[in-house]
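Notes to accompany the following structure.
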Amino acid sequence: MKKITKICCIGAGYVGGPTMSVIANKCPEIQVTVVDINKARIAQWNTDNLDNLPIYEPGLKEIVGESRGKNLFFSTDVDKAIDEAQMIFISVNTPTKTYGKGKGQAADLKFIELCARNIAKVAKDDKIVVEKSTLPVRTAQAIQNILDNTGNSVHFEILSNPEFLAEGTAIDDLLHADRVLIGGNDTPSGQAAKDALSAVYEHWLPKERILQTNVWSSELSKLVANAFLAQRVSSINTISALCEKTDANVQEISRAIGYDSRIGPKFLNASVGFGGSCFQKDILNLVYIARSYGLNEVADYWEQVIIANDYQKRRFAENIISTLYNTVSGKKIVLYGWAFKKDTNDTRESPAIAVADALLEERAEILVYDPKVSEDRIYADLDYLGTRTPQENRKLLKVTPDPIEATKEAHAIAIVTEWDAFKTYDWQAIYDHMLKPAFVFDGRRILDTQTMKKIGFNYYKIGE
Ligand code: UDX
Ligand code: UDX
């Protein structure tokens, strides 16, 4: 296998952008080109003002600033980048299918297939093709078939290299990865390809953390890792419902069980529900695969994690409605946060969307504040649901740049994202200009119960 001097990544999104920026930064002798069919997105990656990069991720702009123009490039010339690279990452999105067989569950592989066909068309010499997108098990085989049957008789070696970075901490997760997984064929050329990719990561990670497996194990591990993580959140969220009916406190339970080293303390924070581009999609994929093999019990088991998550989001919204005397019609409710978690501008599957939709169904007047999410994004998320017309969405829900002013004469505030800034607001001042009784529904458990009650709020915290 030739030495890797040029890498191309198709897809300049939340995964491709940060991952390639870190690879370029840590491997100065490798030229990394990130391509995307979305011209506007590439223009944003090339913007002079690093505050305008298309995605917000702590530490990202510094790394892009150091490497861009040296050995890190963003381009729309997909064919040229494919042609020149020895190693091509596919990092395009794989949304849940909205049509046909597997609708609502299976991953839509249309973009992956387009990429594979394009690589086959352009490649004039041997390439290593790396699946970075999360894919259903056995997708590598499909990619291999397309490449082998439509290519220019060059050799393609397919690797699976799933991404484990979490948004908001992507750079840190990449720099200090718990493990890197590389799946590939057990043939000599497969082994050489695995070693070539491993050498890229060894620029900054100890070799022991780089695990090599077969392709299917690697693909499936990604789905299973996310399913296990999401399961922990749904598990503690179901317990939060029980805590609200009893005198137990979910945080005390999380702490008590987290001290058991077999359970561990992470991913036990009760919340309004999990969101993000991966958890739901990957579990749906797992469910779909299990069902397609006739493993209905397995499918039902994992599906329950999503059912519990939907329940949690609904429960939060219903609690707001019932607490506000069973009607929110015409009442001003301020949503703090729209992103699916703090420190990201990503809103995919954010619980905020479901909560807002439920409140809008009851004709609440909603004001949204999020420090990083744009107004366009918020309306696009709501319009996508199709629950009501875009005009109605814009009439009932407004987006505000001023979180404090927004709460004037408001009936209630609902915290749906755990942005740190929310903790340090002057809650006394907010209380003073809200309508009384003033309600705060804390879906992220970020405020102190005693302080809020002392100020005079009717304060509801998930799991208490
Ligand atoms: C990633 C993964 O790739 C996905 O499988 C994982 O489960 C979630 O995260 P992400 O980087 O978050 O996707 O997606 P996104 O931010 O939408 O970026 C994908 C990019 O690929 C987009 O900018 C899109 O324009 C681009 N794209 C898509 C192409 O360049 N070519 C295509 O054919 C399709
Ligand atoms: C996840 C995986 O963590 C990552 O390894 C994978 O590559 C992509 O999917 P991400 O979706 O970016 O990453 O964020 P994550 O931190 O896992 O949070 C997912 C959701 O769960 C968020 O909505 C978060 O608020 C929620 N969550 C997480 C909780 O509600 N409670 C917790 O204790 C942890």
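The values are calculated or read from the model by the stated rules, or taken from the named source; none is laboratory data. This one's a predicted model, so the numbers in the text were calculated from it and none came from an experiment. Cβ sites come from the backbone with ideal geometry, for glycine too, and all protein chains shown count toward neighbours. These area figures cover heavy atoms from the full protein model, side chains too; ligands, DNA and RNA do not enter into them. Shrake-Rupley method; radii C 1.70, N 1.55, O 1.52, S 1.80 Å.
On the stretch given as segment 419-439, residues that are part of a helix (DSSP H, G or I), open to solvent by 70 Å² or more (accessible area, probe 1.4 Å) and closer than 23 Å to residue 331 by Cβ total 2. Just one residue in the set 248, 230, 270, 256 is within 25 Å of residue 352 (Cβ to Cβ), aliphatic (A, V, I, L, M) and out of contact with any Ser or Thr (no Cβ under 8 Å at 6 or more places or on another chain); that residue is 230.
Residue 178 passes every criterion in (1) open to solvent by less than 60 Å² (accessible area, probe 1.4 Å); (2) within 12 Å of ligand 2 (Cβ to nearest atom); (3) without any contact (Cβ under 8 Å) to a residue 60 or more places away in the chain; (4) touching a helix residue (DSSP H, G or I) at 6+ places or on another chain (Cβ under 8 Å) apart from (1). Can you tell me which residue in segment 255-290 is least open to solvent (accessible area, probe 1.4 Å), limited to those that are in contact (Cβ under 8 Å) with a residue 24 or more places away in the chain and away from ligand 2 (no atom under 16 Å from the Cβ)? Here the answer is 287. In segment 375-395, the count of residues that are modelled with pLDDT of 95 or more, exposed (fewer than 14 other Cβ atoms within 10 Å of the Cβ) and more than 28 Å from residue 104 (Cα to Cα) is one or more.
For segment 198-242, the set of residues classified as closer than 18 Å to residue 173 by Cα, in a helix (DSSP H, G or I) and more than 16 Å from ligand 2 (Cβ to nearest atom) consists of 198, 200, 207, 208, listed by residue number.
Of the listed requirements (1) open to solvent by 60 Å² or more (accessible area, probe 1.4 Å); (2) away from ligand 2 (no atom under 14 Å from the Cβ), residue 348 misses just one: (2).
Residues are listed down the side, and each one gets a yes or a no for (1) among the β-branched types (Val, Ile, Thr); (2) modelled with pLDDT under 95; (3) part of a helix (DSSP H, G or I):
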{"site": "306", "(1), (2), (3)": "yes, no, yes"}
{"site": "316", "(1), (2), (3)": "no, no, yes"}
{"site": "319", "(1), (2), (3)": "no, no, yes"}
{"site": "330", "(1), (2), (3)": "no, no, no"}
{"site": "334", "(1), (2), (3)": "yes, no, no"}
{"site": "339", "(1), (2), (3)": "no, no, no"}
{"site": "352", "(1), (2), (3)": "no, no, yes"}
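Being open to solvent by less than 10 Å² (accessible area, probe 1.4 Å), in contact with a strand residue (DSSP E or B) (Cβ under 7 Å, 6 or more places away or on another chain) and within 16 Å of ligand 2 (Cβ to nearest atom) is a description that does not apply to residue 128.
Of everything listed in (1) in contact with a Pro (Cβ under 9 Å, 6 or more places away or on another chain); (2) more than 22 Å from residue 73 (Cβ to Cβ); (3) open to solvent by 40 Å² or more (accessible area, probe 1.4 Å), the single unmet condition for residue 183 is (3).
Could you tell me which of the residues 219, 202 is among the acidic types (Asp, Glu) and modelled with pLDDT of 95 or more?
Just one listed residue meets the conditions, 202.
Every listed requirement among (1) surrounded by 15 or more Cβ atoms within 10 Å (Cβ to Cβ); (2) near ligand 1 (Cβ under 10 Å from one of its atoms) is met by residue 161 save one, (2). Evaluation of residue 7 against the conditions (1) open to solvent by 40 Å² or more (accessible area, probe 1.4 Å); (2) within 18 Å of residue 203 (Cα to Cα) shows that the sole unmet condition is (1).
With respect to the numbered conditions (1) open to solvent by less than 60 Å² (accessible area, probe 1.4 Å); (2) at pLDDT below 95; (3) more than 27 Å from residue 199 (Cβ to Cβ); (4) not hydrophobic (A, V, I, L, M, F, W, C), which one is the sole condition not fulfilled by residue 47? The one condition residue 47 does not meet is (2). Does segment 326-335 contain at least one residue that is surrounded by fewer than 19 Cβ atoms within 10 Å (Cβ to Cβ), over 28 Å from residue 167 (Cα atoms) and touching a helix residue (DSSP H, G or I) at 6+ places or on another chain (Cβ under 8 Å)? Yes, segment 326-335 has at least one match.
Among the small types (Gly, Ala, Ser) and either free of Cβ contacts under 8 Å to residues at least 12 places away in the same chain or within 16 Å of ligand 1 (Cβ to nearest atom) (or both): is that true of residue 24 in this structure? Show your work before the answer.
Details: among the small types (Gly, Ala, Ser): yes; either free of Cβ contacts under 8 Å to residues at least 12 places away in the same chain or within 16 Å of ligand 1 (Cβ to nearest atom) (or both): no.
Spelling it out, it is not the case that residue 24 is among the small types (Gly, Ala, Ser) and either free of Cβ contacts under 8 Å to residues at least 12 places away in the same chain or within 16 Å of ligand 1 (Cβ to nearest atom) (or both).
Based on this model, can you work out whether residue 118 counts as within 16 Å of ligand 2 (Cβ to nearest atom) and not hydrophobic (A, V, I, L, M, F, W, C)? When the stated conditions are applied, residue 118 does not pass them.
Quick grid of which residues meet (1) part of a helix (DSSP H, G or I); (2) in contact with a helix residue (DSSP H, G or I) (Cβ under 8 Å, 6 or more places away or on another chain); (3) among the β-branched types (Val, Ile, Thr); (4) crowded, with 22+ Cβ neighbours inside 10 Å:
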| site | (1), (2), (3), (4) |
| --- | --- |
| 88 | no, yes, yes, yes |
| 100 | no, no, no, no |
| 112 | yes, yes, yes, yes |
| 118 | yes, yes, no, no |
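Just name the residue that is farthest from ligand 2 (Cβ to nearest atom) out of those in segment 131-155 that are of a type outside the set (Ser, Thr, Tyr), open to solvent by 20 Å² or more (accessible area, probe 1.4 Å) and not in a loop (DSSP other than H, G, I, E, B). Top of the filtered list is 149.
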